1. Which ranges mark the helices (runs of 4 or more DSSP H) fully within segment 97-192 that have 3 or more residues being closer than 21 Å to Ser40 by Cα and more than 21 Å from the chain's Cα centre (by Cα)?
2. Just one of the numbered conditions (1) among the aliphatic types (A, V, I, L, M); (2) assigned to a loop (DSSP other than H, G, I, E, B); (3) modelled with pLDDT under 75 is not true of Ala308; which one?
3. If you scan segment 76-112, which residues turn out to be closer than 24 Å to Val268 by Cα and of a type in the set (Ser, Thr, Tyr)?
4. What pairs can you find where one residue is in segment 48-64 and surrounded by fewer than 24 Cβ atoms within 10 Å (Cβ to Cβ), the other is in a loop (DSSP other than H, G, I, E, B) and not aliphatic (A, V, I, L, M), and their Cβ atoms are less than 6 Å apart, with a gap of 6+ or different chains?
Amino acid sequence: MPQVRQGVAARTRKTTPIAAVKRAVPKASHARGEPRSVFSGHVVVVTGGVQGIGEGIALHLASSGATIAIIDVDSTKGLETERRLSRQGLAVKFWQCDLNDPEAISATVDAIWRKEGRIDVLVNNAAAHGPRLSLLEYSVRDWESVLRTNLTGTFWLTREIARRMIAHRIAGSIVNILAIQSEVPIAGYGPYVASKGGLEALTRAAAVELSAHNIRANGVMLGAIYSGSTRGAGPVDSASASDFEKVPPTLDRAVPNLVGRMGRPSDVARAVAFLASPESSYLTGSVVVVDGGRLLNRGTDPFSPPPADRPRGHGGGIER
């Protein structure tokens, strides 16, 4: 049995408008003068929650009363995140786990369940991008590494948690983080694109199979969100920005969407909170698109390589 290390401290083509998501939980609650405790007594597992989008989700849900179990392979960042959020009085624990290891996943879920006594919500946020290469240059090893983390590992974790939810008759919620790249791919990220498309299909499959057990499965499809991967991929040097809610104006202006700015982790967190809460009890198998209207905008994507740099089909061969 692998060792578990604990920290110290619908899209059914009709998508839910993001404006409705932003109004769903916080504003209605505050209008009645009620505290933001919609997740009080709930245990939420967030994968890849040690920075950026994942940490934003963990912070938002913990601030709404949830007990958070962050799962990530990076123990250094994980423990730092646990300490940072715990200092704010939030109930957050880090659990080291490699999503490529099904035995480690099972052991970690068992350990979290023993400590917390339940799991109510799973947010599958962890993802690997892999090297930026043409599909023609991708090795089988690199391809499988991305798919194993983004899709297969997510399946394993979802299966383990759903089994326990069913055994304990917990009406659970699963929220998968998707990406618009499965619809409008960026050249060079073939396995990431394929994995996110597969995860969207898995979301619907889980919704169908788990509905009989009162477990819902939905997705949040992301456009350009300011995060570690965005800072590394973009043309703007913004490495000095430590707070992902503070996007450099030049980067905001570069994003080709209808809203006119890049998304923040808090934009994603509010959508996740809506789908994880009873406010969305009529939604399963749905996908909320959080892209600032990017899918409706025909502007050029600054993160995509120029046409001259892309492989072009020419007869039966490839012209570079």
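The values are calculated or read from the model by the stated rules, or taken from the named source; none is laboratory data. Please read these numbers as outputs of a predicted model, since none were measured by experiment. Here the Cβ positions follow ideal geometry from the backbone for every residue, glycine too, while neighbour counts run over all protein chains shown.
1. It comes to 102-116.
2. (2)
3. Scanning segment 76-112 gives Thr81, Ser86.
4. From residues that are surrounded by fewer than 24 Cβ atoms within 10 Å (Cβ to Cβ), the pairs are Gly52/Ser227; Gly52/Phe244; Ser64/Arg36; Ser64/Phe39.
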